[in-house]
Amino acid sequence: MRRRRSPRELRRAAPLFAALGDNVRLGLVNRLCARGPMSTMRLSEGSGVTRQAVSKHLEVLEAAGVVRSMRVGRERLWEVDASELRHAQDWLGSISRDWTGALKAYVG
C-alpha cells in the first residue's frame, strides 16, 4: 500500500538526495564506504578534484547528514554517517515498492 510522505519528510529528504545527486560527492561517499575514514588530502588524491573542491563537497555532504568529521591529531578525518544512508535506502525501497505495485496494477 502506498504511503504518502508528509511535506516535512520531503523537506528532510530533499537535501540528502540533492547531496548524493552530484557525481563528485557520490564518488566521495563511495570511497569513504569502501575505505573507511579518510582525510581531505587522501580523498583528493587521484580524484582529479582539488583539495579545496573536495572540502566544499564534504561540507555539502555534512550539511545533508551524509558524512561527519572528527579530529585526529592535526588531521580532520571524514566518515560516512550510515544512519542517513539507511534513510535514503528506506526512501528508495518505498519508491520501488510503489512502482512494483503500480506496474502490477497496470499489467493486470
Does any residue in segment 69-82 that is of a type in the set (S, T, N, Q) come within less than 9 Å, Cβ to Cβ, of a residue that is part of a strand (DSSP E or B) six or more places away or on a different chain, and which pairs are these? SER69/ARG76; SER69/LEU77; SER69/TRP78; SER69/GLU79
Looking at LEU32, is it part of a helix (DSSP H, G or I), out of contact with any helix residue (DSSP H, G or I) (no Cβ under 7 Å at 6 or more places or on another chain) and surrounded by 14 or more Cβ atoms within 10 Å (Cβ to Cβ)? yes
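Out of SER94, SER55, which single residue is assigned to a helix (DSSP H, G or I), within 17 Å of ALA13 (Cα to Cα) and among the hydroxyl-bearing types (Ser, Thr, Tyr)?
Values: SER55 fails: within 17 Å of ALA13 (Cα to Cα).
None of the others qualify; the one that does is SER94.
Take VAL49 and tell me if it is at pLDDT 85 or above and under 15 Å from the mean Cα position of the chain (by Cα). Outline the logic, then answer.
On the way: at pLDDT 85 or above: yes; under 15 Å from the mean Cα position of the chain (by Cα): no.
Criteria not met by VAL49.
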Those residues of segment 1-41 which are touching a strand residue (DSSP E or B) at 6+ places or on another chain (Cβ under 9 Å), more than 20 Å from ARG86 (Cβ to Cβ) and not aliphatic (A, V, I, L, M), in sequence order: SER39, THR40
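The values are calculated or read from the model by the stated rules, or taken from the named source; none is laboratory data. Predicted model only: the values in this text are computed from it and were never measured. Positions of Cβ are generated from backbone atoms using ideal geometry, with glycine treated the same way; all protein chains shown enter the neighbour counts.
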